[in-house]
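Report on the structure given below.
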Amino acid sequence: MVGVIATFQGATVMGKGSGYGKVILFGEHFVVHGAPGIVSAIDSTADAEVKKAAKGINVKDERKTAKGYGEEKRLQQIESIERMLKAMGIDSKTGLDIWVGGTLPGFSGLGASAASSVAIARAIGQELGMQMSDEKINQIAYEAEKAYAGNPSGIDNTAATYGGLMWFKKDVAGGPDKIEKLHLRRPIEIVIGSTGKVANTKVMVEGVAERKRKNPAKYDPIFKQAENVAFAGRKALENYDLKKVGELMNENHRLLQEIGVSSKELDMLVDLARKQGAFGAKLTGGGGGGCMTALTPGKDLQGKVLSAIKSLGFEVLSAKIGVEKY
């Protein structure tokens, strides 16, 4: 998505950019260690506007967020912008006023940090007259994501930058990641439910890595199963076998439970969605809180699952996966 020149607070011309939110259908945590994953951007974005300032980095974040999200992420956000400026070759003393908003809520698990990083990078680049390709934006956002995730897989910033449905495989040796666009016969309705708990992605990623290192006999077979699930999920999506996709999402959630990244709130929302007829449901993102996503083809099923989650007082979002034009 290319940023456009915009006017903010009346008169000043400034840079503007956007980044997509996402759900991971298969592979969160496993992709960090080189297993393949499947991610879809959703039709909600983080938007940013930037203008030069006399001094300092001044951020006004007006996104709708889960309680505590802004406070939890504020220091990480400043660090991410500092990393971004360094990756862009911009003097760290450059003053910038940054506004962040958009339709994507700041819920853990939706790639909100990556979406905002992409949006901010695009807006800064435009405000400073820099011509940057999507590939460059993706690289910058990956550096920014290190502030939030420590050792990010790269899957969130890739979805935020390019949109659409993608097969993703991290090159753990440091080479270029494998990114392949996937195409569906038509987009599929999903429901996203937020536990309301803010998750610390960095802590969750580090925890899995440590447990895997200490207990390879348990974790290596689970990671192999996750890889097999991702390949099967790709085939099911390409065949538009949505029942199979749902079954595999359920299996992926079970594996995520086994590596210790689910929570009682996530499991409750997953169970609720399945009981309401969702084809499959699983946590999405780092886990430990954050969001779950349910496969709910058709407006009627989507509405039924959405209403059930909302009736219990949880924040909920309807979206589509596999959208190629936004």
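Observations on the model:
- In nm, spacing of pseudo-spin labels at LYS218 and VAL203 (7 Å Cα→C-beta vector): 2.0 nm
- Remark: segment 6-182 projects, on average over all directions, an area of 9.7 nm² (convex hull of Cα atoms).
- Value of relative contact order over the chain, rounded to a whole percent, pairs C-alpha under 8 Å and six or more apart: 23 percent
- Quick note on segment 188-321: its Rg to Rh ratio, both from C-alpha atoms and Rh being the Kirkwood radius, is 0.99.
- Modelled spin-label separation between LYS178 and ASN228, with each label point placed 7 Å from Cα along the Cα-to-Cβ direction: 1.9 nm.
- Amide H contacts of LEU96: ALA53, GLY56, ILE57, ASN58, each under 5 Å away and 5 or more positions distant or on a separate chain (H built 1.01 Å from N in the peptide plane; Pro and chain starts excluded).
- Global size of segment 70-121 as Cα Rg and Dmax, reported in angstrom: 11.5, 32
- Relative contact order for segment 237-288, counting Cα pairs under 8 Å that sit 6 or more residues apart, in percent: 48 percent
- Subtracting the Cα-Cα distance of ASP134 and ASP171 from their residue separation scaled by 0.36 nm leaves 11.4 nm.
- Amide H partners (placed H, <5 Å) of LYS320, local residues excluded: ASP43, ILE190
- Under 5 Å, built H, 5+ apart or other chain: amide partners of ASP61: VAL100
- Two-decimal log10 I(q)/I(0) for segment 87-161, as the Debye equation yields it once each C-alpha is a single scatterer, q = 0.11, 0.26 Å⁻¹: -0.26, -1.33
- Residue-span extension gain [LYS243 to LYS299] - 0.36 nm each, minus C-alpha spacing: 18.5 nm
- With neighbour counts taken as other beta-carbon atoms within 10 Å, the residues ARG122, ARG213 rank, fewest first, as ARG213, ARG122.
- Normalising the Debye intensity of segment 95-135 to I(0), with uniform scatterers on Cα atoms only, and taking log10 at q = 0.20, 0.24, 0.26, 0.32 Å⁻¹ returns -0.68, -0.87, -0.95, -1.14.
- Cβ crowding within 10 Å, taken as a proxy for footprinting-reagent exposure, orders LYS243, LYS169 from fewest neighbours to most as LYS243, LYS169.
- Charge dipole of segment 6-182 about the Cα centre (unit charges at C-beta), most positive-ward option of SER108, ILE57, ASN151: ILE57
- With a simple spin-label model that places each label point 7 Å from the Cα along the Cα-to-Cβ direction, the separation between LYS60 and ASP267 comes to 4.5 nm.
- When the charge dipole of the chain is built from unit charges on Cβ atoms (+1 for Lys and Arg, -1 for Asp and Glu) and taken about the Cα centre, the candidate among GLY175, GLY290, MET88 whose Cα reaches farthest toward its positive end is GLY290.
- Binned Cα-Cα distances of the chain, short to long, each 10 Å bin given as a whole percent: 6, 29, 35, 22, 7, 1, 0
Every number in this text was worked out from the coordinates using simple rules, so none of it is lab data. Keep in mind that what you see is a predicted model, and the values were worked out from it rather than measured. A quick note on method: Cβ atoms are made from the backbone with ideal geometry, for glycine too, and the neighbour counts reach across all protein chains shown.
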